[in-house]
Amino acid sequence: MNPSETDARPIGWYVHLPYCTTKCGYCDFYSLPTRPEKIPELVTAIQREADARDPHRPIRTVFIGGGTPTVLPAEALRAVLEPIRRRLGEPDAGAVEFTCEANPSSADELKLDLLRELGVNRLSLGAQSFNPDELRVLERIHDPAHITEAVRLARRAGFDNVNLDLIFAVPGQTRRSWLDSLNRAMDLAPEHIACYALTFEEGTALTKQKRMNLVRPCDEELEAELFESTIDHLTAAGYEHYEISNFARPGRRCRHNLIYWNNEEYLGLGPSAVSYLDGVRTKNIADVFRFTAAWLNGDDPGDRVVVEREFLDPPHRARETAFQMLRLIEGIRFDDFRRATGYDAPALFSEPIERNVRTGLLERRDGSVRLTRSGLLLANRVMQDFL
Ligand code: SF4
């Protein structure tokens, strides 16, 4: 493209704010205990990174995640979000899905009003469970009453698009306690519910406890049963199951996450954030101190901040696109796939498609191939086959 031309291809923006009040036992995101005295420097660093890395393309979605964005003091949140709000421009602001993650215990009235004032129109709450024992196992700092109160305050502040994240297959969980959590979530009428199975990630406190036999993971059969009952329960209540772990009221699918699942482009800002632009995936350093020091130093720090850089050639991009699209219940839509990658999916993936259709894990449907119900339970295995 001629440098004087404006690139009109829209992208998503992700901002990683890495501070949390405490570390949850299962979490392997880059996050660390809040250091209030360091927050202003981080905010300045992110502002500088946004100015330097802005590809000057229209923004489709913004997602403020972490970490727990709402542990930042109000003035720091304003300093991060206000330039983004200005960058969106008034006429377009309402058309952009602008999400902020929040923890039920830190989503207070002041912060929620502020988020609305700054253009945030979707709130994603890390509810995880409505069972106090399960919240303790997960080392969450909130209790079920905080979730109910946070949703009430969000509605009061004017949020009409709220997501609740929930976790199943928690040690000690039963079918009954999980369905109770699901029902209590649905009682709050969120527009979107994300239900993820607990995974034991390397280096987390929960994984250490598992090795020491202090917690017993949920057995595989129960995990599959919980997943299937989640699908039945939420779809019966009118939620569309549109991605392996995600359910939405009609018209309320998460547009930002759809960018990832369609393998489209995004800019990531902040420590540990990943970007995917012009076929190159980069990852920022997962170290808030080095990230901050590098940007406060003056010039664009370039590779002192970017620690991974991977150029994806067209075949590699096509394989990754298939991998990601399989997460969607609609699966790989051949027309969309061709538009995105230039490849013909049935020809490129004839072997994995054949193999998985034969074993009943994939099914062909008008112009697409998608996971079957049994394929959903073994999704990782099927997806790996396309890489
Ligand atoms: S609040 Fe979220 S990001 Fe922070 S430690 Fe817990 S799970 Fe991780």
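The values are calculated or read from the model by the stated rules, or taken from the named source; none is laboratory data. Please read all numbers here as calculations on a predicted model, not as lab measurements. Virtual Cβ from ideal backbone geometry, glycine too; neighbours counted across all protein chains shown.
Of the residues making up segment 1-23, just one is of a type in the set (D, E, K, R) and either near the ligand (Cβ under 10 Å from one of its atoms) or modelled with pLDDT of 95 or more (or both), namely 23.
Scanning segment 117-140 for residues that are out of contact with any strand residue (DSSP E or B) (no Cβ under 9 Å at 6 or more places or on another chain) and either among the β-branched types (Val, Ile, Thr) or away from the ligand (no atom under 11 Å from the Cβ) (or both) returns 117, 131, 132, 133, 136, 137. Taking segment 27-47 as the range and being hydroxyl-bearing (Ser, Thr, Tyr) and not in a loop (DSSP other than H, G, I, E, B) as the test, only 44 passes.
Every condition in (1) free of Cβ contacts under 8 Å to residues at least 24 places away in the same chain; (2) charged (D, E, K, R); (3) under 21 Å from residue 125 (Cα atoms) holds for residue 28 except the one numbered (1).
The rows are residues; the columns are (1) part of a helix (DSSP H, G or I); (2) near the ligand (Cβ under 9 Å from one of its atoms); (3) of a type in the set (Gly, Ala, Ser); (4) not assigned by TED's automatic domain parsing to the domain that holds residue 204.
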{"residue": "25", "(1), (2), (3), (4)": "no, yes, yes, no"}
{"residue": "55", "(1), (2), (3), (4)": "no, no, no, no"}
{"residue": "64", "(1), (2), (3), (4)": "no, no, no, no"}
{"residue": "78", "(1), (2), (3), (4)": "yes, no, no, no"}
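Any residue that is within 19 Å of residue 205 (Cβ to Cβ), in the same structural domain as residue 204 (by TED's automatic domain parsing) and either in a helix (DSSP H, G or I) or under 20 Å from the mean Cα position of the chain (by Cα) (or both) - is there at least one of those in segment 144-163? Scanning segment 144-163 turns up no residue that is within 19 Å of residue 205 (Cβ to Cβ), in the same structural domain as residue 204 (by TED's automatic domain parsing) and either in a helix (DSSP H, G or I) or under 20 Å from the mean Cα position of the chain (by Cα) (or both). Residues in segment 312-325 include none that are farther than 23 Å from residue 59 by Cα, in contact with a Lys or Arg (Cβ under 8 Å, 6 or more places away or on another chain) and crowded, with 20+ Cβ neighbours inside 10 Å.
A quick yes/no check of all residues on (1) at pLDDT 95 or above; (2) of a type in the set (Lys, Arg):
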residue	(1), (2)
238	yes, no
258	yes, no
283	yes, yes
297	no, no
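Scanning segment 80-107 for residues that are within 16 Å of the ligand (Cβ to nearest atom) and either out of contact with any Ser or Thr (no Cβ under 6 Å at 6 or more places or on another chain) or part of a loop (DSSP other than H, G, I, E, B) (or both) gives 100, 103, 104, 105, 106, 107. If the condition is being touching a helix residue (DSSP H, G or I) at 6+ places or on another chain (Cβ under 9 Å), surrounded by fewer than 20 Cβ atoms within 10 Å (Cβ to Cβ) and assigned to a loop (DSSP other than H, G, I, E, B), then segment 170-212 contributes 171, 172, 174, 188, 189, 200, 201. Just a yes or no: is a residue in segment 378-385 of a type in the set (Gly, Ala, Ser) and without any contact (Cβ under 8 Å) to a residue 60 or more places away in the chain? Within segment 378-385, none of the residues are of a type in the set (Gly, Ala, Ser) and without any contact (Cβ under 8 Å) to a residue 60 or more places away in the chain. Mind checking which pairs have a first residue in segment 100-111 that is without any contact (Cβ under 8 Å) to a residue 12 or more places away in the chain and a second that is within 10 Å of the ligand (Cβ to nearest atom) and acidic (Asp, Glu), Cβ under 7 Å, 6 or more apart or different chains? Filtered contacts from segment 100-111: no entries.
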